[in-house]
Each structure stands twice: as structure tokens, then as C-alpha cells.
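The block underneath contains the structure these notes are about, expressed in C-alpha cells.
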Amino acid sequence: MYAAIAIPGVNAGYRTPQDEYGIAIGKPSLIPDLKHFATQGRQVNICFDQDNKPETVQRVRTAISRMGRLLVNEGCSLRVIDLPLGPEKGVDDFIVAKGQPAFEALYNTAVAQELWEIKLFTLLTYPPAIAQNHRFR
């Protein structure tokens, strides 16, 4: 059994104080409702909805990094679960379509936030425009 906390959007788990012009004037912090669960030694897994639009993917990755660091600062052990690309946008859709065993397999592939962030550096930033199949000369 898994306990899940849904947040309405990738940036809804934390707040950054802003002035009347929308400029950040302080450091981000977890929202009180989430901070209540962020206890020393608790394992937290982040599994946000997946999207294939590059700008959305980047916003999700940034939110995972920010919220993840805030949870780690509270003493949590953080892992990231990446949903595979497919018609299932969220983890709930994934479980309904693929079943609990498929989610458990996905859950078991979750990686620590540090490793997840390192993995991001190995990904292509843009999809390839052309493919070449010629020997280098």
C-alpha cells in the first residue's frame, strides 16, 4: 500500500515570497500542509505527470529539483519516479491502464534525486533533426 499526496500543479508544493511586482524576495519553502509530512528519515517519492512538450518537461524537472531539495533539507530521503511516455499522463492513469504490478516495477526503478539530476545531464536537450548512418571519414 502506498500513501499519496496530490498537489494541484508541479509548483504547488512550495512557495517563494515575492514583492508586489512578482520578484522573488526570499527563499522557497514547503507549503505547511506538505511540510507536516516532511519528517526526518521519511522516504518520499515524487511522481509528477508526464508530458511530451519540451517546455513543460523542463518546468516539471525544475519543480522536482526545487521541491526535492526542500524535502531533503527537512531530512527526507527523496526518490524520483519517472513515468514512461505513453497515453497515461499521471500515475493514477498508469495504474488503471497497466495495473499494480506494472506500477510496482516502476516504483522499484525510482532513483535518488542526486542520481536523477545527474541522469538529466546525459539526455539530449533537443530531439535530433536528422539521422545519419555513414561512417566518419
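Hey, what's the Kirkwood Rh for segment 39-123 if you take every pair of different alpha carbons, in angstrom?
Values: mean 1/r = 0.0740 Å⁻¹.
For segment 39-123, inverting the mean 1/r across all distinct Cα pairs yields 13.5 Å.
For every other residue with a beta carbon closer than 12 angstrom to the beta carbon of T56, add +1 if it is Lys or Arg and -1 if Asp or Glu, then tell me the sum. Provide the component values of the computation, followed by the final result.
On the way: positive: K53, R59, R61, K89; negative: D49, D51, E55.
Residues near T56 contribute +1 overall.
Residues with amide H under 5 Å of N45's amide H, sequence separation 5 or more or different chain, H placed in the peptide plane at 1.01 Å from N; which?
R79
How much of the accessible area of the chain, probe 1.4 Å, is carbon plus sulfur, in whole percent?
Numbers: 5740 of 10190 Å².
For the chain, the apolar C and S fraction of the accessible surface comes to 56 percent.
Hey, what angle do you get for helix 54-73 against the long axis of the chain, alpha-carbon based, 0 to 90 degrees rounded to 10?
On a 0 to 90 degree scale, this one is about 40.
What order do Y21, Y2, Y14 take when sorted by accessible area (1.4 Å probe), most exposed first?
On the way: Y21 175, Y2 100, Y14 15 Å².
Final ranking, largest accessible area leading: Y21, Y2, Y14.
What's the local net charge at A6, with K and R +1, D and E -1, over the other residues with C-beta under 14 Å away?
Working: positive: K89; negative: D33, D49, D92, D93.
Neighbour charge sum, excluding A6 itself: -3.
Farthest toward the dipole's positive end in segment 18-137, which of Q43, V80, F121, given Cβ charges of +1 (Lys, Arg) and -1 (Asp, Glu) about the Cα centre?
F121
The values are calculated or read from the model by the stated rules, or taken from the named source; none is laboratory data. Just so it is clear, the model here is predicted, and its values are computed rather than measured. Glycine gets a Cβ as well: all are built from the backbone with ideal geometry, and neighbour counts include every protein chain shown. Accessible surface is based on the protein model in full, side chains and every heavy atom, while ligands, DNA and RNA are left aside. Shrake-Rupley method; radii C 1.70, N 1.55, O 1.52, S 1.80 Å.
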